[in-house]
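Since the structure comes first, as structure tokens, the remarks are kept for the end.
The values are calculated or read from the model by the stated rules, or taken from the named source; none is laboratory data. From a predicted model like this one, the values you see are computed outputs, not experimental measurements. Neighbour counts are summed over all protein chains in view; Cβ atoms, including those assigned to glycine, are modelled from backbone coordinates with ideal geometry.
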Amino acid sequence: GAVVSQHPSWVICKSGTSVKIECRSLDFQATTMFWYRQFPKQSLMLMATSNEGSKATYEQGVEKDKFLINHASLTLSTLTVTSAHPEDSSFYICSAVGRTDTQYFGPGTRLTVL
Amino acid sequence: LAKTTQPISMDSYEGQEVNITCSHNNIATNDYITWYQQFPSQGPRFIIQGYKTKVTNEVASLFIPADRKSSTLSLPRVSLSDTAVYYCLVVPRGGAGSYQLTFGKGTKLSVIP
């Protein structure tokens, strides 16, 4: 139990295009999901907190108009990177809070912007 | 959010017990202690979580002294597949910022044959 999936697992796109990443809790409902970003050889950095049915809360320095988050249901949150640039290339990871108040992470999505 | 401090790296031979200690001097009453394991290019995997004393599961044990200012993750008889980065985190429960995780640099464990 407590499985979180992400799709796609990797994506390559051209500079200026938008990319959508999906995060799903497969066997539990999650009112709260989180989005992280991890650059090579660095730790995870929290980008935003996604609450079902309400607007996401973004961490300082994260542009909400660039990283659009939609938590439309109790099992799905999406992150859209708009007008992506090479500096947005990173490993994006989502997590969801499960029944036992434990946070479970997805496998991550590798984004490469050319 | 409480800050944690843990060793940057550790080496261990296969079959040995590994203990990774984490300090969290500013832990709050409502905070829990959680450990995650991360392999390269994968999301963190939950290992164990506790509030006080000792917690044990099929993977590891977590020791938390009475003052809760530190904790020790114990991995019994490590194998090569346990080579990974281990993160110690303090997780707030209740109120603003609940469940938000602030990742430090973690401890890179290298298991040697």
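Determine which single condition B:Asp31 fails, assuming it passes every other condition in (1) closer than 26 Å to A:Arg37 by Cα; (2) at pLDDT 95 or above.
Every condition holds for B:Asp31 apart from (2).
Just to be sure, is A:Tyr92 within 14 Å of chain B (Cβ to nearest Cβ), part of a strand (DSSP E or B), farther than 18 Å from A:Gln42 by Cβ and of a type outside the set (A, V, I, L, M, F, W, C)?
On the way: within 14 Å of chain B (Cβ to nearest Cβ): yes; part of a strand (DSSP E or B): yes; farther than 18 Å from A:Gln42 by Cβ: no; of a type outside the set (A, V, I, L, M, F, W, C): yes.
Answer is no for this residue.
Could you list, in sequence order, all residues of the range A:95-114 that are in contact with a helix residue (DSSP H, G or I) (Cβ under 9 Å, 6 or more places away or on another chain) and either at the interface with chain B (Cβ under 7 Å from one of its Cβ atoms) or not in a loop (DSSP other than H, G, I, E, B) (or both)?
Restricting attention to the range A:95-114, the residues satisfying the condition of being in contact with a helix residue (DSSP H, G or I) (Cβ under 9 Å, 6 or more places away or on another chain) are A:111-114.
Selection gives A:Leu111, A:Thr112, A:Val113.
Need the failing condition index for B:Ile47 against (1) farther than 16 Å from A:Ala96 by Cα; (2) modelled with pLDDT of 95 or more, just the number.
Answer for B:Ile47: the failing condition is (1).
Output the residues belonging to the range A:6-49 that are charged (D, E, K, R) and under 15 Å from the mean Cα position of the chain (by Cα).
A:Lys20, A:Glu22, A:Arg24, A:Arg37
Please go through the range A:14-72 and pick out each residue that is assigned to a loop (DSSP other than H, G, I, E, B), without any contact (Cβ under 8 Å) to a residue 60 or more places away in the chain and among the aromatic types (Phe, Trp, Tyr). Full working, then the answer.
Our first condition is that a residue be assigned to a loop (DSSP other than H, G, I, E, B); within the range A:14-72, this holds for A:14-18, A:26-31, A:39-44, A:52-56, A:59-66.
Narrowing the set further to residues that are without any contact (Cβ under 8 Å) to a residue 60 or more places away in the chain leaves A:26-27, A:29, A:39-44, A:52-56, A:59-66.
The answer is A:Phe39, and nothing else.
Could you check, for the range B:39-60, whether at least one of its residues is more than 12 Å from chain A (Cβ to nearest Cβ) and within 11 Å of the chain's Cα centre (by Cα)?
The answer is yes, given that some residue of the range B:39-60 is more than 12 Å from chain A (Cβ to nearest Cβ) and within 11 Å of the chain's Cα centre (by Cα).
Would you say B:Ile33 is buried (at least 20 other Cβ atoms within 10 Å of the Cβ), within 19 Å of B:Gln6 (Cβ to Cβ) and within 14 Å of another protein chain (Cβ to nearest Cβ)? I'd like the intermediate steps shown before the answer.
On the way: buried (at least 20 other Cβ atoms within 10 Å of the Cβ): yes; within 19 Å of B:Gln6 (Cβ to Cβ): yes; within 14 Å of another protein chain (Cβ to nearest Cβ): yes.
Here the answer is yes, as B:Ile33 does meet what is asked.
In this structure, does B:Ile47 turn out to be more than 30 Å from A:Arg24 (Cα to Cα) and in contact with a strand residue (DSSP E or B) (Cβ under 9 Å, 6 or more places away or on another chain)?
No; evaluated as a whole, the condition is false for this residue.
Would you pick out the residues in the range A:79-114 that are among the hydrophobic types (A, V, I, L, M, F, W, C) and farther than 20 Å from B:Cys88 by Cβ?
A:Leu79, A:Val81, A:Ala84, A:Phe91, A:Cys94, A:Ala96, A:Leu111, A:Val113, A:Leu114
If we keep just the residues of the range B:10-24 that are farther than 20 Å from A:Ser43 by Cβ and surrounded by fewer than 19 Cβ atoms within 10 Å (Cβ to Cβ), which is farthest from the other protein chains (Cβ to nearest Cβ)? Spell out the reasoning first.
Keep residues of the range B:10-24 that are farther than 20 Å from A:Ser43 by Cβ, which gives B:11-19.
If we keep only those that are surrounded by fewer than 19 Cβ atoms within 10 Å (Cβ to Cβ) too, we end up with B:11-17, B:19.
On the way: B:Asp11: 18, B:Ser12: 21, B:Tyr13: 25, B:Glu14: 25, B:Gly15: 29, B:Gln16: 26, B:Glu17: 25, B:Asn19: 22 Å.
Looking at residues that are farther than 20 Å from A:Ser43 by Cβ and surrounded by fewer than 19 Cβ atoms within 10 Å (Cβ to Cβ), I get B:Gly15.
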